[in-house]
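Some notes on the structure that comes next.
Values in this text are rule-based calculations from the coordinates and carry no lab data. These figures come from a predicted structure and were not determined experimentally. Cβ: placed from backbone, ideal geometry, glycine included. Neighbour counts: every protein chain shown.
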Amino acid sequence: MTLRVGVIGTGMIGQDHIRRLTQVVSGAQVVAVTDANEMVAKEVASRLPDATVHPSGQHLVADERVDAVVVCSWGPTHEEYVLAAVAAGKPVFCEKPLATTPEACRNIIDAEVAHGSRLVQVGFMRRYDESYRALKDVIDSGQVGAPLIYYSGHRNPSVPEHYTKDMAIVDTAVHDFDVVRWLLGEELAAIRVLAAKPNSLGGDLQDPLLMIIESASGVLVNVETSVNIRYGYDIRGEVIGETGTAALADRGLVVVRSANRVGVEVPEDWRQRFITAYDVEFQEWINAVSRGLGAVGPSAWDGYAAQVVCDAGVNALYSGDRVEIELGTKPALYG
Ligand code: NAD
Ligand code: ISE
C-alpha cells in the first residue's frame, strides 16, 4: 500500500521532505501540496507526477486523496493545521515546533486525547540520528554509570537576518531540550540563561547563549548555542556519568592528515548533518502510519514539553532568573 501524503508549506524543509518522500524512502507518494506562496507551491507540484495544489492547508487536509499530512509551514501556523488533521482523523507529521506556545500545544494534546489514539508526530529528528541512538544505548546500558552532567553544543555557522535572540532558544535549542529529555528519560525542571560576550559577527544578536538546566532528578544540563560561529554546523553532546563519559563522535567519512594537521569535515548545515536522520525519521513514520498506527515517534506531549522549556528559557533570558519548568499532568495516552 502507498501512503498518500499532503504537504503544507513548500519552503526549504518542505521541499527537502518532498524530495525524500518521493526519491529516498519507500511506501509514500506526495499527492497534494499547498503554500501561502502559491507560485512556489505550483512550481514544486510541477515536479511531481500527480499532485494537486490546494488554496489552503484546510483544503489539503479535507482532500479525500490525502491519507496523511506533513506540516512544514511557519511555526505560528502549525496549531491550526495539526488540529485540522486531528479533527479529520488523519495522521500528521509536524515539523518543530509543534506550536509556538504551551497553550497551543495543550490544545493539540486535548484534541488528540479526545480522539482517543495518537495521530501526531513532531519532527525532532535527532532521535533518529545514529550517533544519538548510540549515545542513548551507552547511557541506558549503565556503562558510564548514572548521568550527572550533560553538555549540549548547538553551533550554526550563521543565521538569517530575521533571526532574533529568542530564536536561539525557541528555534535552535528546542532540539537540545527534546534530545536531552529523550536521552535522560526524564523531564527538565528549571532553567537559567546567560548571555556571553557577544560574537561581533552576529551584529546586535545576543550570541552565544549558555543555558543551565536542572533535570527532575538533578542532572545538570548545559546547552550552548553559538549561531554565528562560521566554521560549520557542529552538534556536540557529551554525558558525564558516575564512572565514565560518552560523547557524540566527530563526523566525517575520512580523517585527513596533511600539513601538520589532522582533520575531519564539519557539515555546512542541518540538512547535511541530519540527512540520514530525516530519512530514517520519515521511513519509520510511513511504516507506522501504513500499519494503522497513527504515530509512534516524538509525540504531542514531547512537542508540548519542549515548548514549555522554551517558554521558561525565554523568560529566564529576559529576567536573568532561574525559572521553574511546570508541565502539569501528562495524559495517559502518552505513557
Ligand atoms: P521556509 O520559510 O523556508 O518555508 C516555510 C514555508 O511555509 C514558506 O514557503 C511559506 O510561504 C509557507 N507558509 C507560511 N505560512 C503558511 C500558511 N499559513 N499555509 C501554508 N504555507 C505557509 O521555512 P523552513 O526553514 O522550511 O521552516 C519551516 C518549518 O520547519 C519551521 O517550523 C521550522 O522551525 C522547521 N524546521 C525544522 C528543521 C529541523 O531541523 N527539524 C530545520 C529547518 C526548519
Ligand atoms: C533550524 O530551524 C533547525 O531546526 C535546525 O535544526 C537548527 O540547527 C537551526 O538552528 C534552526 O534555525
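Residue 165: which lysines have alpha carbons under 28 Å from its alpha carbon, excluding same-chain residues fewer than 8 sequence positions away?
Candidates past the 8-residue exclusion: 96, 197.
Please work out how much length the chain gains when fully extended from residue 284 to residue 262, using 0.36 nm per residue of separation minus the C-alpha to C-alpha distance, in nm with one decimal.
Result: 4.3 nm gained on full extension.
Considering only the chain, what is the antiparallel percent among its DSSP beta bridges, to the nearest 5? Please list the in-between numbers first.
Working: 29 of 54 bridges.
Within the chain, antiparallel bridges account for around 55 percent of the total.
Express the C-alpha Rg of the chain as a ratio against the empirical globular expectation 2.2 N^0.38 Å, rounded to two decimals.
1.00
Compute a Gaussian network model of the chain, connecting alpha carbons closer than 10 Å, and tell me which residue from 93, 274, 282 fluctuates the most.
Most flexible of the set in this elastic network: 274.
Given charges of +1 on the Cβ of Lys and Arg and -1 on the Cβ of Asp and Glu, with all other atoms neutral, how large is the dipole of the range 185-335 about its Cα centre, in debye to the nearest 20?
440
Once phi is turned into θ = phi - 60°, what whole-Hz ³J(HN,Hα) does the Karplus curve with 6.51, -1.76 and 1.60 give for every residue of the range 209-216, x standing for Gly and Pro?
10, 10, 10, 10, 10, 9, 7, 4
Could you tell me the calculated FRET efficiency between residue 151 and residue 40, based on Cβ-Cβ distance and R0 = 45 angstrom, to the nearest 0.05?
E(calc), rounded to 0.05, equals 0.70.
Using only the Cα atoms of the range 41-141, what are the Rg and Dmax in Å?
16.0, 50
Considering the zone a paramagnetic label at residue 186 would reach in this model (a point 7 Å from Cα along the Cα-to-Cβ line), which residues of the range 194-223 have amide N under 19 Å from it?
212-223, by backbone N distance to the label point.
For the chain, what does the relative contact order come out to in percent, with C-alpha contacts under 8 Å and a separation of six or more?
Value for the chain: 20 percent.
By what distance, in whole Å, do the Cα atoms of the range 1-68 stretch along each of the three principal axes, largest value first?
29, 25, 18
Answer rounded, prolate or oblate for the range 182-335, using the Cα gyration tensor with square roots of eigenvalues a ≥ b ≥ c: rounded when a/c is under 1.5, else prolate when a/b is larger than b/c, else oblate. Show your work: numbers first, answer last.
Values: a/c = 1.78, a/b = 1.13, b/c = 1.57.
Oblate is the answer for the range 182-335, as a/c is 1.5 or above yet b/c matches or exceeds a/b.
Run a plain Debye calculation on the range 268-335 (Cα atoms as equal point scatterers, no solvent) and give log10 I(q)/I(0) at q = 0.27, 0.28 Å⁻¹, rounded to two decimals, same order as the q list.
Scattering profile of the range 268-335, log10 relative to I(0): -1.07, -1.10.
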